[in-house]
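Peer 1: I have a structure I would like to understand better, so I am pasting it below and will then ask my questions one at a time.
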Amino acid sequence: MKKEYVMGNQAIALGAIAAGVNVACGYPGTPSSEIIETIAKHNPKKAIHVEWEVAAGASYAGARCLVTMKMMGLNVASDPLMSLAYVGVEGGLVVVSADDPGPISSQTEQDSRLFAKYCRIPVFDPGSVEEAYEMIQDAFGYSEKYKTPVLFRPTTRVDHAYANIEYDETAEPKEIPGFTKNSKRFVIFPKLSRMNHEMIEKRNPEIGEEFSSYRFNTVTGDADCKKAVVTGGICYAYAKDRKNS
């Protein structure tokens, strides 16, 4: 195990490597750019396929795939992502949409959590560098368990913050089982879309129930308090900082 002081984007990359990611790709744009760069740097044996803009086909073959972009890149990728939500995945497929509230390095602002709701897919919203490292690993597991792409939504304050992360330098990509032809699943005609829509409506309450006891969904504070603040992601850190100030 190695301990290192890393940026949030680097923690996301190292977490994906620890999860056994096979394919890493994305559309370049701050605040997400360092994720792909870090995976490429920590890939001396070329065991992980790293390039820009490819993923769904590899996931169909059972590979674990990471796709990175900023929120405006998600707009460009909305068509294939919407179809992928209906077709489903085999290997875990995690789409990182780095949001930029502020904005700090973007022309616009966008809350990609609403896009996940629109697509009917789960979303992970890390509130710190440490959470980002752990949560990206969980995201691959949830994606494979429910055979759905998942959205991972860090913000600039997580992407470009720094923290100490302990990670396994010897982590290896998972074995890829290979593609099995199944036209009844992977050819998305209207009849299949209707069937899969029903499946999504049955599946999502199950995911919600499991998320209710997810380790990063917690309640903190005094037992006798009369007010509660519900937050997600980096807003938890802001609310906690305000309480302590």
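The numbers here are math on the coordinates, done by the rules we state, and not lab data. It should be emphasised that the depicted structure is a prediction, and the values quoted were computed from it without experimental measurement. Glycine gets a Cβ as well: all are built from the backbone with ideal geometry, and neighbour counts include every protein chain shown.
Peer 1: Please report, in Å, the Rg and the Dmax of the range 31-107, where both are computed over Cα atoms only.
Peer 2: 13.6, 39
Peer 1: Nearest 0.05, what FRET efficiency do His197 and Gln107 give at R0 = 45 Å with Cβ-Cβ as r?
Peer 2: With a Förster radius of 45 Å, E is 0.85.
Peer 1: Going by a ≥ b ≥ c, the root eigenvalues of the Cα gyration tensor, does the range 142-245 fall in the rounded group (a/c under 1.5), the prolate group (a/b larger than b/c) or the oblate group?
Peer 2: Oblate shape, in that a/c is at least 1.5 and b/c is the bigger or equal ratio.
Peer 1: May I pose another question? Tell me the Kirkwood hydrodynamic radius of the chain in angstroms, computed as one over the mean inverse distance between distinct C-alpha pairs. Each step should come with its number before you reach the end.
Peer 2: Numbers: mean 1/r = 0.0540 Å⁻¹.
Hydrodynamic radius (Kirkwood, Cα pairs) of the chain is 18.5 Å.
Peer 1: Going by a ≥ b ≥ c, the root eigenvalues of the Cα gyration tensor, does the range 88-202 fall in the rounded group (a/c under 1.5), the prolate group (a/b larger than b/c) or the oblate group?
Peer 2: Working: a/c = 2.73, a/b = 1.40, b/c = 1.96.
Oblate is the answer for the range 88-202, as a/c is 1.5 or above yet b/c matches or exceeds a/b.
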